[in-house]
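For reference, the structure discussed in these notes is given below.
Bear in mind that the values in this text are calculations on the coordinates, not laboratory data. Note that the structure is predicted; figures quoted are calculated from it, not measured. Here Cβ is always computed from backbone atoms with ideal geometry, including for glycine, and neighbour counts include all displayed protein chains.
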């Protein structure tokens, strides 16, 4: 059983909910994808296994997961109209988006934490959340263009 499914089951037990087959399918699919799918893309994928699943079920499940901190939503500049979903990792992470193939690469770097610390000290502020998205060309697309 995946971590995302286990965490969701724990939360559902607290709230008196239950793990339906459709919820489990959504969670397992989301956790196995390398991409950051939109709700519509996730719906397209899970419908291959459960043709009766509705897009509204996908949205409700994603919103609940986001509310509980198990999933993060991201808006990439290239996809202003499409919210993309990402299982929440225990550590804050950032993204690189290839502007050619749309591949998303997650990364974490101690320099980001250093910048945040310096900002908080200089402005006597407290940062609650950080989203950094770098845009460029991934190594595969870079090689193709040469």
- Note on the structure: To the nearest 10 degrees, the tilt of helix 3-15 (Cα long axis) against the first principal axis of the alpha carbons of the chain is 60
- Message: To make sure I understand, if each residue's beta carbon is the centre and we count other beta carbons within 10 Å, what order do 96, 44 fall in, fewest to most?
- Response: 44, 96
- Query: Which label marks the calculated value of volume of the Cα convex hull per residue in Å³, given the options [x] 287; [y] 100; [z] 151?
  - Reply: [z]
- Could you check which residue among 38, 56, 72 shows the biggest mean-square fluctuation in a GNM of the chain with a 10 Å Cα cutoff? 56
- Note to self, the chain gives a 222 nm [θ] from helices alone (DSSP H runs n ≥ 4, -39500 (n - 2.57) apiece, / all residues, nearest 500) of -14000 deg cm²/dmol
- Relative contact order as a percentage, the chain, C-alpha pairs under 8 Å and 6+ apart, gives 18
- Among DSSP beta bridges whose residues both lie in the chain, state the antiparallel percentage, nearest 5. 70
- So how tilted is helix 55-67 from the main axis of the chain? Cα-based, degrees 0 to 90, rounded to 10. 60
- By the C-alpha gyration tensor axes a ≥ b ≥ c (rounded if a/c is under 1.5, else prolate when a/b exceeds b/c, else oblate), the shape of the stretch 91-146 is prolate
- Rounded to 10°, Cα long-axis angle of helix 21-32 versus longest principal axis of the chain: 30
